[in-house]
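Each remark here refers to the structure printed beneath this line.
The values are calculated or read from the model by the stated rules, or taken from the named source; none is laboratory data. The structure presented is a predicted model; accordingly, all values stated were derived computationally and were not measured. Reconstructed Cβ throughout: ideal geometry from the backbone, glycine too, with neighbour counts over all protein chains shown. These area figures cover heavy atoms from the full protein model, side chains too; ligands, DNA and RNA do not enter into them. Shrake-Rupley method; radii C 1.70, N 1.55, O 1.52, S 1.80 Å.
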Amino acid sequence: MNDKAAGIQVLRVDSSAHQLALYRQGQDTPLLVQQAKPDHRPYIHPILAPDGIGVLTEDAPPHHPWQHGLYVGLNDVNGYGFWSEGLTDSPSDGTFHPIAISNVRSRENQASWTVTTQWREPGGELLLLERQHWTFSDNGTYYELDMEWTLQAELEIRFGVSPYGGLFLRMPYREELGGRFLNSEGMGLEEAEGQRARWGAVSMPIEGRDDSAGIAIMDHPGNEEHPSPWRVDYQFGIAPSRSIAGAWHLAQGQTATSRYRVYIFNGDINPAALESNWQRYSGRQES
């Protein structure tokens, strides 16, 4: 079945130097918004459920005000932190400096773009040049948001071991409403912290919906430390994190690239659907 036969609508892209929004043609509510404000961490928020009912990400929750929907951060980059944005007592937090959003492309139900960001230590010295290249596909009942994440070392860089770091997801968890986590190994919230998995998924009740909706992150088999160990916190924040496995290094001028798929869905977690999608993403199963 082709895209048009499946009822998938053409995307419209509205972009400026520091913000990009994707819309289904003829609709006024964005499917997602890429934020890349000057001198701030870039992030994606909001992400709308594929059926258009409810926002699946949260920006700056009271329990973690430095967290922003779907974003990247690391701890201990040559001893400096790129996680909590100076909002804790740490005197060693570095800063983020996005360059204008670039390479914006769209065709039918797919769009792509690049966000390039300078990571600087507190004194202003450039440590890393980070590139996030995103490709979004609107498949009607679900989205695929593929990421290529490249770090280029401007100096010799040591990334220290940490219990979290990398591509992180924050959904609008409310304790009274609960939620569900499941990974590719069948582990739930209580078991999955620090454990290796090919994918991890969260679903929860969402304001405006009668049911749940959710987001999964898939770790590509070409990534270092695959299957990655995962951060899974008690507010259902999740991240595949190479940093959990140990320290790693980049020589000056060297780059490291990791690939992830973010799978956004209506309803509860469907392990069979997620596994099938991961198999296709990994190249182990034909589309």
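Rounded to whole Å, give me the distance from the Cα center of region 218-287 to that of region 125-150.
Cα centroid of region 218-287 versus Cα centroid of region 125-150: 12 Å apart.
For the chain, give the magnitude of the charge dipole about the Cα centre (Cβ charges: +1 Lys/Arg, -1 Asp/Glu; no others), in debye to the nearest 20. Walk me through the intermediate numbers first.
Details: 22 positive and 37 negative charges, 150 e Å.
Roughly 720 debye, rounded to the nearest 20.
Ignoring ligands, DNA and RNA, what accessible area per residue does region 154-281 give at 1.4 Å, in Å²? Numbers along the way, then the final one.
Details: 5220 Å² over 128 residues.
With all protein chains present, region 154-281 gives 41 Å² per residue.
Between GLU207 and THR135, what is the label-to-label distance in nm when each label sits 7 Å out along the Cα-to-Cβ direction?
Output for this residue pair reads 3.5 nm.
What number, in nm² with one decimal, is the all-direction average of the projected area of the convex hull of the alpha-carbon atoms of the chain?
Working: hull surface 58.5 nm².
The directionally averaged projection comes out at 14.6 nm².
Which residues does a label at GLN195 reach in region 166-189, if reach means a backbone N under 18 Å from a point 7 Å past the Cα toward the Cβ?
179-189
Among residues other than TYR23 whose Cβ falls under 12 Å from its Cβ, what is the net charge (Lys/Arg +1, Asp/Glu -1)? Please report the intermediate quantities before stating the final value.
Working: positive: ARG12, ARG24; negative: ASP14, ASP28, ASP138.
For residues surrounding TYR23, the net value is -1.
When the accessible area of the chain is split by element with a 1.4 Å probe, what percent falls to carbon and sulfur? Provide the component values of the computation, followed by the final result.
On the way: 5400 of 12230 Å².
Carbon plus sulfur share of accessible area: 44 percent.
Sort 88-95, 112-119, 158-165 by packing, meaning the average of other beta carbons within 10 Å per residue, with the highest value first.
Working: 88-95: 14.1, 112-119: 19.9, 158-165: 18.0.
The packing order, highest mean first, is 112-119, 158-165, 88-95.
Dividing the alpha-carbon Rg of region 166-243 by 2.2 N^0.38 Å yields what? Mind showing how you got there, number by number?
On the way: Rg = 12.4 Å, N = 78, 2.2 N^0.38 = 11.5 Å.
In units of the 2.2 N^0.38 Å rule of thumb, it is 1.08.
With the crude spin-label approximation of a point 7 Å out along Cα→Cβ, what separation in nm comes out for GLU125 versus TYR234?
So the label points at GLU125 and TYR234 sit 3.9 nm apart.
Where does region 145-287 land on Rg/Rh, using Cα atoms and the Kirkwood Rh? Before the final figure, lay out the partial values.
Numbers: Rg = 15.8 Å, Rh = 15.8 Å.
The Rg/Rh ratio comes out at 1.00.
Against the longest principal axis of the chain, how steep is helix 271-282, in degrees 0 to 90 to the nearest 10, with axes from Cα atoms?
Computed tilt is about 60 degrees.
For TYR281, tell me the accessible area in Å² from a 1.4 Å probe, rounded to the nearest 10.
Probe radius 1.4 Å; accessible area of TYR281 about 20 Å².
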